[in-house]
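This report refers to the structure that appears directly beneath it.
The values are calculated or read from the model by the stated rules, or taken from the named source; none is laboratory data. Quick caveat: nothing in here was measured; it's all calculated off a predicted structure. We place every Cβ from the backbone using ideal geometry, glycine too, and count neighbours over all the protein chains shown.
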Amino acid sequence: MKNIIIVGASGHSRVVVDIIEKQSKYRISGFVDSGRTVGECISGYNVLGAETEIPELVETHKIAGFIIAIGDNSVRSIVADKIKRIFPQAEFVSAIHPQAVIGKDVCIGTGTVVMAGAIINPCSTVGNFCIINTKASLDHDSLMGDFSSLAPGVTTGGNCNIGNFSAIGIGASIKHGVTIGAHSVVGGAAMVMQDIEAFTVNYGIPSKKIRNRTQGEKYL
């Protein structure tokens, strides 16, 4: 069983711990988080240090991989790039809960987290460093771009395209065949009936564009 480090020690990381433990594929050596105290215990595992200490931690703990447990799509990307700069050999792993349902011919990228009760239906593609949260569903022949996320309870129809870095809020529904532009946000409980522009915030029933947004703008 390979040793891995979880990067990020927020509430989201506790869910990732639970998935990895139930997956029984990797052994968690601890956390890396520059905002936490070394030795602090979270969900039974200690904080080992900051991102800058990764090369030494890899050697000391015989680390074979990393998973980034950060809910914000943009921040997750920034941290992934930082790790790659500090330790170019870094390999990232995915965490898929045993109670997720993965259909035939589904492709899931590296660094992605799929939570309990999630459904990914046949012939769908999930990019790198995505999050498919609790009881969210991605229907057939759909695509999630890198660093995108579905919050708990999101439902998409078939042939949907979720752009890179886009975030779909809790309980939102997306009509089949709809494209969500990159870096956009769909608010909780929204009903999306038509394509959404990139770099926008949208919510309502039916969903409407509320305003533009900038890359990396906070949304959680």
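Pull out all pairs, ordered by first then second residue, where Cβ-Cβ is under 7 Å, the residues are six or more apart or on different chains, the first lies in region 38-66 and is hydroxyl-bearing (Ser, Thr, Tyr), and the second is surrounded by 13 or more Cβ atoms within 10 Å (Cβ to Cβ).
Ser43/Arg14; Ser43/Val17; Tyr45/Val17; Tyr45/Ile28; Tyr45/Gly30; Tyr45/Phe31; Thr52/Ile86
Any residue at all in region 32-41 that is modelled with pLDDT of 95 or more, assigned to a helix (DSSP H, G or I) and hydroxyl-bearing (Ser, Thr, Tyr)?
Restricting attention to region 32-41, the residues satisfying the condition of being modelled with pLDDT of 95 or more are 32-33, 36-41.
Next cut, assigned to a helix (DSSP H, G or I) only: none.
There is no residue in region 32-41 that is modelled with pLDDT of 95 or more, assigned to a helix (DSSP H, G or I) and hydroxyl-bearing (Ser, Thr, Tyr).
Just one of Gly103, Gly30 is crowded, with 16+ Cβ neighbours inside 10 Å, within 20 Å of the chain's Cα centre (by Cα) and in contact (Cβ under 8 Å) with a residue 12 or more places away in the chain; which is it? Outline the logic, then answer.
Working: Gly103 fails: crowded, with 16+ Cβ neighbours inside 10 Å.
Matching residue, one of Gly103, Gly30: Gly30.
What number of residues in region 116-131 are surrounded by fewer than 24 Cβ atoms within 10 Å (Cβ to Cβ), over 14 Å from the mean Cα position of the chain (by Cα) and assigned to a loop (DSSP other than H, G, I, E, B)?
4
Yes or no, residue by residue, for (1) buried (at least 18 other Cβ atoms within 10 Å of the Cβ); (2) not assigned by TED's automatic domain parsing to the domain that holds Gly169:
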residue	(1), (2)
Thr60	no, yes
Asp81	no, yes
Glu91	no, yes
Cys107	no, no
Thr110	no, no
Val114	yes, no
Asn133	yes, no
His140	yes, no
